[in-house]
Each structure stands twice: as C-alpha cells, then as structure tokens.
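Reading through the structure tokens given below for one structure.
The values are calculated or read from the model by the stated rules, or taken from the named source; none is laboratory data. Bear in mind that the values here come from a model prediction, so they are computed numbers and not experimental data. Glycine also receives a Cβ, built like all others from the backbone with ideal geometry; neighbour counts cover every protein chain displayed. Heavy atoms of the whole protein, side chains included, go into the accessibility calculation; ligands, DNA and RNA do not. Shrake-Rupley method; radii C 1.70, N 1.55, O 1.52, S 1.80 Å.
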Amino acid sequence: MKALCWHGTEDVRVDTVPDPTVRDPRDVIVRITSTAICGSDLHIYDGFVATMESGDVLGHEPMGEVVEVGRDVKKLKKGDRVVVPFTISCGMCDFCRRGLFSLCDTSNPNAETARRLMGQSPAGLLGYSHMFGGFAGGQAEYLRVPFADVGPLRVPPGLDDDKALFLSDIFPTGYMAAENAEIEPGETVAVWGCGPVGQFAIQSAWMLGAGRVIAIDRVAERLRMARDRGRAETIDFGSDDVYDRLMEMTSGRGPDRCIDAVGTEAHGRGSADAVLDRAKSALYLGTDRPHVLREAIMCCRKGGTVSVPGVYIGFLDKVPFGAAMNKGLTLKTGQTHVPRYYDRLLKKIDVGEIDPSFVITHRLPLADGPAAYKLFRDKQDGCIKVVLRP
C-alpha cells in the first residue's frame, strides 16, 4: 500500500509499504477514506519528536471502512464506517475504566522507554514515535487498529467524512481543553493559537457558557476564521503586546480562563524569551519553546485556570511557576481522552450545533502529502487544515 513515511526532519515521502495485517484477535483493518495532517504532526516534521525511525508511517486523524475483523472483535463488522481515535486504549485497565483513555496502562508496548523519560507511560498513540508504541499511523491506504472494540466510533449513515473525521482528535481535543479550563457562565476565555485545535477550543468555550472569547494569533486567515466562524475578539501578536491588550480588554483583571493551543513550537514576537527559546532549540540546548505557556500564566487572572492542549515534548525553561503559585492558578493538561467525548460531540453535529468541516481549507490526494506538510507548516495559500484522500 501507499503511505506517508517519515525519513528525517522535513523529509516526508510517499512510500510503498506492506499492507497491515491482523496481529491480535482484537484488531481490525480499516481502509482509509479520509485522513488529516495535525499540528502535532508538524512537531515530527520539524524534528522535535524523539524516537522516530526512518520509514515510520505518520498520521493520527483517520477514518474509513472496516475490511477485516479479528475473531474477538464484537462491536464492529466488515463494511462499518469508523472514525479512529489517535489514542490506543485497552478499555480494561483502571485508567480506561475511569474514562482516562489517553493514560491507558497496557496499550504502549514500549512503556519502559516512556517511563524513563516521563516517570510513567501514557497510552500508545497512532503514528507518533516509538516512545508511544511505534504504531503505524493513518496517513495511508490501510490501517491496523488495536483494541477495536474500545476506540473506533461507528459513523452513522448519512454523516459524511468531512463532518465526522475530526472526532478522531481535534474536535474532542478542543472540547476537552475548554472543559479543563473550568469555564463558568459569562466568563472571559483567552485562546492562544487559532489553528484547528484553537478553533475548536473557541467553539467549545461558547458551548460551555463563555461570555466572551478572545483569540490570539498572527496569521490573518486564522484570525479571520476566529472572528467570522468563532465570534471571537482577536489580538494579532505580531502588532500588539498580548499582555497589555488583554489587560486593557479586561480592565486590568486578566482573562478568567486561558487555553494554550500552541504548545512546543510557539513563535513569539521577538520578545527576549522567544528569541532565547529559538536559539536554544536550534542549538539542541532545549526541547521546547514555551513562550505561550509563560504568557498565559502571566495574563490569567488570579484564581483562574490555564488549560494546555498544546503538545509539549520535554523540559521547559523559565516557566514562571512562582506566578502560577502565588496567583493561585489551576493548570490542567493532557492528551485527549477521545472516546469519552464521542456521544456528546456526535450529538452536537447531528443537531446542527456545529459542522466541524468549517476548518478544512485544503483537500488533496494522499500522493500530495509531502507538499501538503510543507504547505501546512509554512501556512501558505491560507492553509489552516489539510484533509488527504488515499
């Protein structure tokens, strides 16, 4: 089959690789009909994710048709259309039973590698390095899905791919970010980053009762989408000082809830900390550029919450934890517990409260994947979200 494979920093290729097979009786094989490039895929593309190996199949936002079913699978059959979550969860461990699917205790076969780096291992992830299991991803013609009775969501008849696809990751991720922010009715929510996760965090903040949403970015197309589709007020960090503008907009109080939807590759605006971050990462003296996290902590009102759906890789420098402690902030983060949110978000799509396809700006064949990575990373041609069709 054809698949998008990683061969090094900024080196993604369309390779011919062996078709996946059922390795465990709880597996299914899915023929991919739609798959997307995620912002966290760009961390791999830019060389920030450790334990990648040349030839690894990328991608963790897939959906398609079940074409082969392991003998122990009870909930799916051949011909079912399914969305596949990026997290791999067994459904039986203590964490899965608590609904903490991204913390599954048993799905990562390389748990010891993750434990050495993080203290304990989270769940295995599709297409996201050998630290998270070395599982082949979904930017391919076919995908093996472990624990198929737990993760995949059967897509209702009549729901097209574009509306269902983002239940694999970014819609639940934006929603969990807003939920983690602990929004109370009428509060002001600031969202850093107007990429796809940020856009869904904006939408979700309204769903959870926000009275005001302020979106922060520097890309004109993203800010326009946040205003037009997200009804958000906006700050362009390329021309405004974010702290000063937020204080002005909130009468010196600061936003009640802050969401960092950027993560490890924050650009900043030339501030001293952002310049230092970029220099250290270029010289391999640092793993992350946490400018946004620092800014969110400094901007958040006393007693507020900072929610972090943005992916971070390793050890962060100069995070103002003293400010977080003395201001009494709550910090909440984590990979998304995708299956926890299926029912409520599918219902919102069904009743027309949201059409998740609004974020799609480019639909391309899988063969154009390498160019699509660069297009998305460099924000060319107004690119906000790419969907690939094998």
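Of note:
- On the stretch given as the stretch 247-277, residues that are at pLDDT 60 or above and on the phi > 0 side of the Ramachandran plot total 4.
- Any hit, the stretch 62-72, residues being in contact with a Ser or Thr (Cβ under 8 Å, 6 or more places away or on another chain) and outside any strand (DSSP E or B): no
- Residue match in the stretch 286-309 (condition: more than 17 Å from residue 179 (Cα to Cα), in contact (Cβ under 8 Å) with a residue 60 or more places away in the chain and hydroxyl-bearing (Ser, Thr, Tyr)): yes
- Counting the residues of the stretch 300-340 that are assigned to a loop (DSSP other than H, G, I, E, B), open to solvent by less than 20 Å² (accessible area, probe 1.4 Å) and not hydrophobic (A, V, I, L, M, F, W, C) gives 4.
- Selection from the stretch 21-43 of residues that are of a type outside the set (Gly, Ala, Ser) and under 13 Å from the mean Cα position of the chain (by Cα): 37, 38, 41, 42, 43
- Contact map, the stretch 351-365: residues that are under 15 Å from residue 385 (Cβ atoms) paired with residues that are of a type in the set (S, T, N, Q), Cβ distance under 7 Å, separation 6+ or inter-chain. Pairs shown: 354/203; 359/199.
- For the stretch 341-381, the set of residues classified as in a helix (DSSP H, G or I) and charged (D, E, K, R) consists of 343, 344, 347, 348, 350, 368, 374, 377, 381, listed by residue number.
Listed here are the residues, each with its yes/no results for (1) over 26 Å from residue 67 (Cα atoms); (2) within 18 Å of the chain's Cα centre (by Cα).
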{"site": "108", "(1), (2)": "no, no"}
{"site": "121", "(1), (2)": "yes, no"}
{"site": "136", "(1), (2)": "no, yes"}
{"site": "139", "(1), (2)": "no, yes"}
{"site": "143", "(1), (2)": "no, no"}
{"site": "152", "(1), (2)": "no, yes"}
{"site": "156", "(1), (2)": "no, no"}
{"site": "161", "(1), (2)": "no, no"}
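- Residue within the stretch 52-64 that is more than 16 Å from residue 134 (Cα to Cα), open to solvent by 20 Å² or more (accessible area, probe 1.4 Å) and at pLDDT 95 or above present: no
- The stretch 195-233: number of residues that are in contact (Cβ under 8 Å) with a residue 60 or more places away in the chain and of a type outside the set (A, V, I, L, M): 9
- Of all residues in the stretch 345-390, those that are touching a helix residue (DSSP H, G or I) at 6+ places or on another chain (Cβ under 8 Å), within 20 Å of residue 172 (Cα to Cα) and exposed (fewer than 14 other Cβ atoms within 10 Å of the Cβ) total 2.
- Segments classed as strands (runs of 3 or more DSSP E), wholly inside the stretch 2-43, with at least 3 members that are closer than 26 Å to residue 150 by Cβ and polar (S, T, N, Q): 28-36
- When we screen 174, 158, 133 for residues that are free of Cβ contacts under 8 Å to residues at least 12 places away in the same chain, out of contact with any Lys or Arg (no Cβ under 9 Å at 6 or more places or on another chain) and not in a strand (DSSP E or B), the only hit is 158.
- Close Cβ contacts (under 7 Å, 6 or more residues apart or on different chains) running from residues in the stretch 68-92 that are farther than 18 Å from residue 109 by Cβ to residues that are among the β-branched types (Val, Ile, Thr) and open to solvent by 30 Å² or more (accessible area, probe 1.4 Å) comprise 68/22; 76/69; 77/69; 78/67; 78/69.
- Residue 79 vs. criteria within 30 Å of residue 383 (Cα to Cα) and open to solvent by 20 Å² or more (accessible area, probe 1.4 Å): no
- Number of the exception - residue 94 against (1) open to solvent by 60 Å² or more (accessible area, probe 1.4 Å); (2) closer than 21 Å to residue 174 by Cα; (3) not basic (Lys, Arg): (2)
- Residue 205 being of a type in the set (Gly, Ala, Ser), buried (at least 17 other Cβ atoms within 10 Å of the Cβ) and outside any strand (DSSP E or B): yes
- Scan the stretch 224-245 for residues that are open to solvent by less than 10 Å² (accessible area, probe 1.4 Å) and in contact with a Ser or Thr (Cβ under 9 Å, 6 or more places away or on another chain) and the total you get is 1.
- Meets criteria (free of Cβ contacts under 8 Å to residues at least 60 places away in the same chain and under 16 Å from the mean Cα position of the chain (by Cα)) for residue 239: no
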